[in-house]
Amino acid sequence: MTVTIFVPRDAAALAVGADKVAAAIEKEIAARGVDARIVRNGSRGMLWLEPLVEVRADHGRIAYGPVRPSDVASLFDAGFLEGGAHPLCHGQTHDIPFYASQTRLTFSRCGVTDPLSLDDYRQYRGLTGLEKAISMAPAEIVKEVTDSGLRGRGGAGFPTGIKWKTVMDAAGPQKYIVCNADEGDSATFADRMIMEGDPFVLIEGMAIAGIATGATKGYVYIRSEYPHAIAVMDEAVRIARQEKILGASVLGSAYAFDMEVRSGAGAYVCGEETSLLNSLEGRRGIVRAKPPLPALQGFLGRPTVVNNVMSLASVPVILDRGAGFYRDFGMGRSRGTIPIQIAGNVKHGGLYEVAFGLTLGEIVEKIGGGTASGRPVKAVQVGGPLGAYFPVSMFDTPFDYEAFAARDGLIGHAGITVFDDTVDMLKQARFAMEFCAIESCGKCTPCRIGSTRGVETADKIARGIEPEKNKVLLADLCNTMKFGSLCALGGFTPYPVMSAMTHFPEDFSPAPVVEAAE
Amino acid sequence: MPVPDIDARTLSIVNDLKGLEGPLLPILHEIQAEFGYVPEDCLPIIARELNLSRAEVHGVVTFYHDYRRHPAGRHVLKLCRAEACQSMGSDRLAEKVKALLGIDFHETTGDGAVTLEPVYCLGLCSTAPAAMLDGEVHGRLDDDAIADLVAEARR
Ligand SMILES: Cc1cc2nc3c(=O)[nH]c(=O)nc-3n(C[C@H](O)[C@H](O)[C@H](O)COP(=O)(O)O)c2cc1C
Ligand code: SF4
Ligand code: FES
């Protein structure tokens, strides 16, 4: 019987040598004349173990990692094709604690299947959500999504069903589904991973959204920093069209839906939905004032659903298993599961999908295993560059939209970056301002000018120039940006800055170096 | 190297893509893929064919970080400067790369071999620090790995 060996093609796995490992395995298969084949799967999300090579044995899949090309011969010698013991062996992939303790709904297939195999997709319940949707009335689909409690995973947490209903009820000769795959936040890679590891689930989710709202055309706007995701999505759309999942008659139904992949051009602000729409139309990615809502006047002025990748990719399982099944996970008004992205200076970095409600400390210490450097954790930034820095004393905060908001933070796209005690929080605050200055779309003054002034002010504090006065000025700038900005780039940059100042005041009082030396 | 016929290629790219809804970014991407940058001479042609003002096209080209107005070096090295990479020492690596290449970000080495650019997250944040060399991704960079990468780019 042919043995199947899985070597991920996920960009993070490639970045740490997966292609070279696959080549080494290929060579070894040929040299030893064994009956084995390689499948390039997505990543299981245990990124500290990448490249994670799996062998499908009689019973389940055995994991080996991180594998370097130079390990491959010894793996064969150890009989890894039969799941043999080896220092890199972690036993059954399913039993690795990081994996076993997850609730994988959106990511159930990611890393398991061949991303571009529709047979694999179907075998693991793919397309059952879309098949159900076709048999339902649009209003029933929208109700199912509303009842599931799904909130937009792109950051703002707006209920997906309500957005869909607005578009469903809007009149227009043409409506659109636009998938926001701009994922510019540091520490987020869930969108990338699903597009590279299970692209059909996004296509299925978009088709369901189209049927529910009456939109017949969809776009996925992927940031140009993700060439691998763009290539996989392009290919998946081609296959889906060929297999009549997309096109004039979706799965043989009376519904039409087709979609296209578009590439961004390196502007963070294009993740903001109205800026994204301008970009898609071929304009500068400048934020539009709301109203009008994109749901009513979006792409080319027509009713448009703009949803994050995770929001859309969570829809198939909701339709398949029912709203109640999904809603039963989570806490408070944060329902279902959330793919937490654990990154930065952390031992076990990766993607961890779980129901809402774990505390930040559990995520960092228990699941993440503390810092990679082995030094104490000092700060954790949650929610990307616009998210607050949390000190260890706030590790009891549960992962829940409201709980984070109550502590002047945000979940955002659920990316968390761990920093050890060598981090300088004044420097991080300065970077937040610098990033805002680089990426500002320029439409409003508090953001455009305030961020540059913020950098200068942080620099003055660092140099010990009137630090008390400049700290007041920095806080005042933050206040102006928070309340005077049109969108969250200028409006939320104060979160990292103020949280750094509030929780790590010692870093904002640099010892007056010159005087001390005298 | 033969001088490419900018006008004819531009017109053909525009004609291929102008049927798209919102064709300007796809056109500019294709032009940059063809020429390695967006030559000034393309702008009036694009403007004319899409019925835009030249200022509008110029405004779009200059808005986005990806579009170059001048040719880059033979290799483009993008170093991630965002938070997760910072937490793993990317600032120090950046200083090292700058010293090895003798240039700052946004510059090209004198021999035209390497252009160094900052990038804010490649989605490789759990395998930080990360970089991209000519579209190929590299993670878990340390002093040795970054020196190898620079040597590879220098070739
Ligand atoms: C500066 C800025 C950047 C954003 N970046 C993204 C992004 O990369 N991906 C995303 O889905 N939403 C992003 N958003 C949020 C979007 O504007 C929008 O809320 C979201 O795409 C809606 O989809 P959802 O309801 O499914 O979350 C960003 C917002 C701002 C202000
Ligand atoms: S806050 Fe900044 S990015 Fe947002 S609209 Fe204003 S200038 Fe543009
Ligand atoms: S922060 Fe560097 S790859 Fe994400």
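Brief remarks follow.
- Considering segment A:398-448, the residues that are β-branched (Val, Ile, Thr) and surrounded by 19 or more Cβ atoms within 10 Å (Cβ to Cβ) include one that is nearest to ligand 1 (Cβ to nearest atom), namely A:ILE411.
Residues checked against (1) on the phi > 0 side of the Ramachandran plot; (2) crowded, with 24+ Cβ neighbours inside 10 Å:
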position: A:GLU131; (1), (2): no, no
position: A:VAL145; (1), (2): no, yes
position: A:GLY149; (1), (2): yes, no
position: A:GLY154; (1), (2): no, yes
position: A:PHE158; (1), (2): no, no
position: A:TYR176; (1), (2): no, yes
position: A:ASN180; (1), (2): no, yes
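- Residue selected from segment A:161-190 under the condition within 29 Å of B:GLU83 (Cα to Cα) and more than 14 Å from chain B (Cβ to nearest Cβ), by the criterion nearest to ligand 2 (Cβ to nearest atom): A:ASN180
- Applying the criterion of at least 1 residues that are within 9 Å of another protein chain (Cβ to nearest Cβ), farther than 30 Å from B:VAL150 by Cβ and in contact (Cβ under 8 Å) with a residue 12 or more places away in the chain to the helices (runs of 4 or more DSSP H) found wholly in segment B:1-77 leaves B:24-35, B:42-50, B:54-63.
- Unique residue being within 20 Å of A:ALA379 (Cα to Cα), surrounded by fewer than 24 Cβ atoms within 10 Å (Cβ to Cβ) and either of a type outside the set (A, V, I, L, M, F, W, C) or within 14 Å of chain B (Cβ to nearest Cβ) (or both) when the list is A:GLY350, A:GLY301, A:GLY322, A:GLY361: A:GLY361
- As a summary of the residue check, A:TYR226 satisfies the conditions (1) open to solvent by 10 Å² or more (accessible area, probe 1.4 Å); (2) within 12 Å of ligand 1 (Cβ to nearest atom) except for the one numbered (1).
- The residues of segment A:249-265 that are over 15 Å from A:ALA229 (Cβ atoms), open to solvent by less than 10 Å² (accessible area, probe 1.4 Å) and of a type in the set (Gly, Ala, Ser) amount to a single one, A:ALA265.
- Residues in segment A:185-216 that are within 30 Å of A:GLN381 (Cβ to Cβ) and open to solvent by 10 Å² or more (accessible area, probe 1.4 Å): A:ASP185 alone.
- Cross-chain or 6+ apart pairs with Cβ under 7 Å, segment A:487-505 first and among the polar types (S, T, N, Q), then open to solvent by 10 Å² or more (accessible area, probe 1.4 Å): A:THR493/A:LEU386; A:SER499/A:ASP408
- Residues located in segment A:157-178, provided they are within 12 Å of ligand 1 (Cβ to nearest atom) and without any contact (Cβ under 8 Å) to a residue 60 or more places away in the chain: A:PHE158, A:PRO159, A:GLY161, A:ILE162
- Tallying residues that are farther than 19 Å from B:ALA113 by Cα and either among the small types (Gly, Ala, Ser) or touching a Gly at 6+ places or on another chain (Cβ under 7 Å) (or both) within segment B:28-59 yields 4.
- Positions within segment A:1-44 being in a loop (DSSP other than H, G, I, E, B) and away from chain B (no Cβ under 14 Å), in sequence order: A:MET1, A:THR2, A:VAL7, A:GLY33, A:VAL34, A:ASP35, A:ARG40, A:ASN41
The values are calculated or read from the model by the stated rules, or taken from the named source; none is laboratory data. None of these values were measured; they are calculated from a predicted model. Don't worry about glycine lacking a Cβ; one is built from the backbone with ideal geometry, like all the others, and counts go over all protein chains shown. All accessible areas refer to the heavy atoms of the entire protein, side chains included, with ligands and DNA or RNA removed. Shrake-Rupley method; radii C 1.70, N 1.55, O 1.52, S 1.80 Å.
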